[in-house]
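One structure below.
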Amino acid sequence: MQYRPEIDGLRSIAVLPVLLFHAGFQTFSGGFVGVDIFFVISGYLITSIILKEKLEGNFQLVNFYERRARRILPALFLIMIFCIPLAFSLMTPGELKDFALSLGATSLFGSNILFWQDAGYFAGPNELKPLLHTWSLAVEEQYYIIFPLFLMLTWNLGFKWILSILSILAFFSLMLSQWASFQAPVANFYLLPTRGWELLMGVFTAFYLLKQNYNFAFVPIWIAEMGSLLGMLLIGYSILTFDSLTPFPGIWTLLPTIGTVLIILFASPRTFLGRLLSLKFIVGIGLISYSLYLWHQPLFAFARIMSPDDLNASEYFALIALSFIFAFISWKYIEKIFRDKNRIKTKNIFLGSAFMSILLLVMGALIYFKTTLFVNQDIYNRSVQLESLQEGRKQNIQSGICHYNGSGRFTSADEFIKNWNCYHDDEKDLISLNLGIYGDSHSSDVAMSLRMNGFDFIQIGGANCKLLDEDGTQPLYCKDVLASFDNALKIKGIDTVMLANNFDHSELTSMNLQNIFNYWSQKHSLVYILSPIPESIELHREFLKFGDVISRLSYEKNKLFYQLLKSINLPDNIVILDSAEFLCSQSKGNCFFVDSVPRMVDEGHLSIYGAKEFGKALASADRFHELMQ
C-alpha cells in the first residue's frame, strides 16, 4: 500500500480530543468519539493490507499476527510495567486488586470484558483505573483474531458474497448497538458485537477503494473537496456537541464514523484537507498517537490518585505535555525498533510476547491473591473492614430484592419487578408506617436506616433512577420500577411518600426541582424529600492510608439544593428533610466516623453503622412523628 500521510494526520484528529475529554475540558465533551475514529481507521488499514496480500497470493496468517504483535504489544507491555510500581505505592488494597485484574485481562486481550463486568453500581471510579483505556485495544485485538479468519473462510465465495455477509453483520451490529444504548449501555460501550459495525465501516471503505484501484481521482476535485470537508465537519460537530447524555454508541455514532470514511475516501493530497492533514507537525502527532493514547490514561489516573483535590486545567496541560514526551520516547525507542524486522527477529517477537503476556498475567494473579504482600498491614486491615461494611450495606439495603441494582437475585429488571414483594408484613415487632420510600440507591440507604431502627414501610427503588426523568437519561427500567412503586402504594392504600436521590448536577436546577415538587405533590397527599446527602470525596483514601481523615465531607450539592429552594414555590404538602443534619447529628465532632467506624462505605452511601445513626436522627425529627399517628 502507498503510504498516506493524511491518515496519520487523521489519527492526530482522533487522539487529541480523547486527551482533552479525559482531562475534563467541557468544550470537548464529545472527545470520546476519537476512539470511534480509530476503529474506522483500523478497519480500513487492516482490510487494505489483507486484501492486497490475498490478491497477490502471499497472505499468511502468521505474518499478519506478527505485524499486529510488533505494532501493539511492545509499547503496551511498557505501559503495564510502568504502572506496577506506581500501583504498589499509590493504590489502596481494593484499587490494587482491581488493577491486578486489569493487568491479567489486558494480557489476555480481554480487558473490555473485565471493565464491562466490573462496571456495576459499586465499582470504583473509572478515572482512577490506569489501564481502563485498554478496552479499545481489546476490541481491536478481538477483531484482528476474527476478521482474517473470516476472509480466509469466505474468500472463494467472491467479493459480492463477502460484502453481502459483512453488510448483514454490520446492520445487525448497528441495530444491536442502538438497542443496547438504552437497554444495556455498559455492554454496548465495551463489547465487540456492538462496536463491530464501526470497524466494518473501515472494511467497506477498503473494499471500495480497492475497486477504484486506490486512484483518488475517481471523483471530480470539487466533490473530493466537499466530501472531505463534510467529513471533518461531522467529526468536529460530534466532538463539540456530544456529551455523556448522548446514547452512545448507536445511531449517533454514524456522524463521526461516516465523517472518518469521507476523509479516508476524499482527503488526498489534491484536496485542501488532505494537504492540511499531511502537514509535518500534524502527521508527527499521528505517528506517536498510539503511544500517546497509551500513556495519557495512566498518567491521568495516578495523578488523580495522588491529588487530594480535583486536578486543575494547568495540571492537566502539564500531564498532556508529559504524555507527549513519553509518547515520543516510546515511539522512537520501542515502537520503531520492534517494528523493524532487521533488528527484532520474528521468533523473538513471538517468544517475547508470549513471555511478557504470561509474566504479566502471573503478576496480576499474584497481586490479586496475595495483596497483603504488597501493602502495609494496617492499610490492608482497614480495607478489609471497609469491604465488610460495603458487603453489609448491600445485604441491609436488600439489594436485588427491594432495590434493583442491575443484578442481585434476578437476571433482569423485568424479572426483578415481576417478583418484587417487599411489604415486610411478616416482620413482627416493627412499627408500621403509612409510608412508601422511593428513589435511587440513596433511598435504599434511607430505608435501611429506618428498618434498623424498627420501622416497617413499603420500599422500591432502582440504581440511577431519578425522581423525575424529563430528559430521558435514566435507565429504561426505572419507568417500570416507578410503576411498581405506585401500584404497591395503591394496593396498600398509602398516600405518603419519602423520596431520596443523589441529584447529579444536571438535576440541580430551579426548573427541575420545581417540576419534581409539582409532579410528586400532585400524586400524593404528603411528600418528604431529603436533601442531597454530603459526599466523602477523598475521605476513604485518607482513612485507609492513615486510619483518620483530614478532609471534610463535601456539602456542595446540599448547599446548592437549599439555595435553589429560595427561588421555588414549595407546595404545601412537600416537606424538606435535611440529610446533612441527620448524618451528623450524632457525630460528636466528626461526621465521618461512628465510634471510629466509617459512617460511609464510599462517596455517598451509608455503612450499616452510619445508617443506624442516620435513622435514629431521622426518626426523632418533628415532622417524622406524623407518620406514626
Can you list the aspartates and glutamates whose alpha carbon sits under 18 Å from that of Lys616, skipping same-chain ones fewer than 8 residues off? Asp429, Asp445, Asp456, Asp578, Glu581, Asp595, Glu626
Kindly identify the stretch 146-283 as rounded, prolate or oblate by the Cα gyration tensor criterion: order the square roots of the eigenvalues as a ≥ b ≥ c, call it rounded if a/c is under 1.5, otherwise compare a/b with b/c, prolate if a/b is larger, else oblate. oblate
Averaged per residue, what accessible surface does the stretch 1-155 expose to a 1.4 Å probe, in Å²? 34 Å²
Env charge @ Arg195, Cβ radius under 11 Å, K,R +1 / D,E -1, value -3
Among Val33, Val62, Ile72, pick out the residue whose Cα is farthest towards the positive end of the charge dipole of the stretch 26-97, where Lys and Arg carry +1 and Asp and Glu carry -1 on C-beta, about the Cα centre. Val62
By the scheme Lys and Arg +1, Asp and Glu -1, what is the net charge of all other residues having a beta-carbon under 13 Å from that of Ala483? 0
Divide by every residue of the chain the summed helix terms, -39500 (n - 2.57) for each DSSP H run of at least 4, and state the resulting mean residue ellipticity at 222 nm, rounded to the nearest 500 deg cm²/dmol. -19500 deg cm²/dmol
Taking every other residue with Cβ under 15 Å from the Cβ of Arg393 and scoring Lys and Arg +1, Asp and Glu -1, one gets -3
Computed ³J(HN,Hα) along the stretch 183-199: with the Karplus parameters 6.51/-1.76/1.60, θ = phi - 60°, integer Hz and x for glycine or proline, the list is 8, 8, x, 6, 4, 4, 6, 9, 9, 4, x, 9, 10, x, 5, 5, 5
Taking +1 at the Cβ of each Lys and Arg and -1 at the Cβ of each Asp and Glu, which of Ala617, Pro298, Leu273 sits farthest along the dipole of the chain towards its positive end, judged by Cα position relative to the Cα centre? Leu273
For the stretch 228-293, run through the chymotrypsin sites (Phe, Trp or Tyr not before Pro) and keep only the ones in DSSP coil with at most 11 other Cβ atoms within 10 Å of their Cβ. none
In percent, how large is the relative contact order of the stretch 422-515, given Cα pairs closer than 8 Å and 6 or more residues apart? 36 percent
Relative contact order of the stretch 176-307, pairs being alpha-carbon contacts under 8 Å that are 6 or more residues apart, as %: 27 percent
Label model pair Gln563, Ser432: point-to-point distance (7 angstrom along the Cα→beta-carbon line) in nm is 4.5 nm
Taking H as built 1.01 Å from N, whose amide H comes closer than 5 Å to the amide H of Ile431, not counting residues under 5 places away? Phe455, Asp456
I'd like the accessible area for Tyr423: 1.4 Å probe, protein heavy atoms, all chains in place, Å² to the nearest 10. 50 Å²
Answer rounded, prolate or oblate for the stretch 18-92, using the Cα gyration tensor with square roots of eigenvalues a ≥ b ≥ c: rounded when a/c is under 1.5, else prolate when a/b is larger than b/c, else oblate. oblate
Over 22 Å (Cα to Cα) - which of Lys54/Lys336; Lys394/Lys545; Lys466/Lys523; Lys479/Lys523; Lys280/Lys336; Lys466/Lys559 fall in this group: Lys54/Lys336; Lys394/Lys545
What are the ³J(HN,Hα) values, in whole Hz, obtained from phi via the Karplus relation 6.51 cos²θ - 1.76 cosθ + 1.60 with θ = phi - 60°, for each residue of the stretch 66-72 in sequence order, with x given for Gly and Pro? 4, 4, 5, 5, 4, 6, 9
Collect residues whose amide H, placed 1.01 Å from N in the peptide plane, falls under 5 Å from the amide H of Leu606; neighbours closer than 5 in sequence don't count. Val601
Among 2-8, 282-288, the order from most to least packed when residues are scored by Cβ within 10 Å on average: 282-288, 2-8
In whole Å, what are the extents of the chain along the principal axes defined by its C-alpha atoms, from largest to smallest? 86, 52, 45
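Rounded to the nearest 20 debye, what is the charge dipole size of the stretch 1-139 about its Cα centre when +1 sits on each Lys and Arg Cβ and -1 on each Asp and Glu Cβ?
Result for the stretch 1-139 is approximately 320 debye, rounded to the nearest 20.
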Of every hundred units of 1.4 Å-probe accessible area on the chain, the number belonging to carbon and sulfur atoms, as a percent, is 60 percent
Run through the DSSP bridge list for the chain and note the antiparallel percent, rounded to the nearest 5. 15 percent
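Rounded, prolate or oblate: which one fits the stretch 77-162, using the alpha carbon gyration tensor with axes a ≥ b ≥ c (rounded when a/c is under 1.5, else prolate when a/b beats b/c, else oblate)? Walk me through the intermediate numbers first.
Numbers: a/c = 4.32, a/b = 2.53, b/c = 1.71.
It is prolate, given that a/c is not under 1.5 and a/b is the larger ratio.
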The stretch 411-555, dipole about Cα centre (Lys/Arg Cβ +1, Asp/Glu Cβ -1), debye to the nearest 20: 180 debye
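Given Cβ point charges of +1 (Lys, Arg) and -1 (Asp, Glu) and nothing else, what value in debye, to the nearest 20, does the dipole of the chain about its Cα centre take?
2720 debye
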Out of Gly493, Phe517, Ser244 - ranked by how far each Cα lies towards the positive end of the dipole of the chain, with unit charges on the beta-carbon of charged residues - the top one is Ser244
Shape descriptor, the stretch 275-317: equivalent ellipsoid semi-axes (Cα gyration tensor, sqrt 5λ, whole Å, largest first) stand at 29, 12, 5
D for the stretch 37-78, whole µm²/s, Stokes-Einstein with Kirkwood Rh over alpha-carbon pairs at 37 °C and 0.692 mPa s: what number? 290 µm²/s
In degrees, nearest ten, helix 134-154 long axis to first principal axis of the chain (Cα): 50 degrees
Step through the residues of the stretch 341-357 one at a time and calculate ³J(HN,Hα) from phi using the Karplus curve (6.51 cos²θ - 1.76 cosθ + 1.60, θ = phi - 60°), rounding each to whole Hz and writing x for Gly and Pro. 5, 6, 9, 10, 6, 4, 4, 5, 5, 5, 5, x, 5, 5, 4, 5, 4
Using a 10 Å Cβ count of at most 12 others and DSSP loop calls, identify the longest part of the chain lacking such trypsin sites (Lys or Arg not before Pro). 1-340
Built amide H within the under 5 Å cut-off of Met452, gap 5+: none
Given an 8 Å cut-off on Cα distances and at least 6 residues of separation, report the relative contact order of the chain as a percent. 15 percent
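The values are calculated or read from the model by the stated rules, or taken from the named source; none is laboratory data. Quantities reported herein were computed from a predicted structural model and do not represent experimental measurements. Here the Cβ is made from the backbone with ideal geometry for all residues, glycine too, and neighbour counts use every protein chain on show. These accessible areas exclude ligands, DNA and RNA; they are computed on the full protein's heavy atoms, side chains included. Shrake-Rupley method; radii C 1.70, N 1.55, O 1.52, S 1.80 Å.
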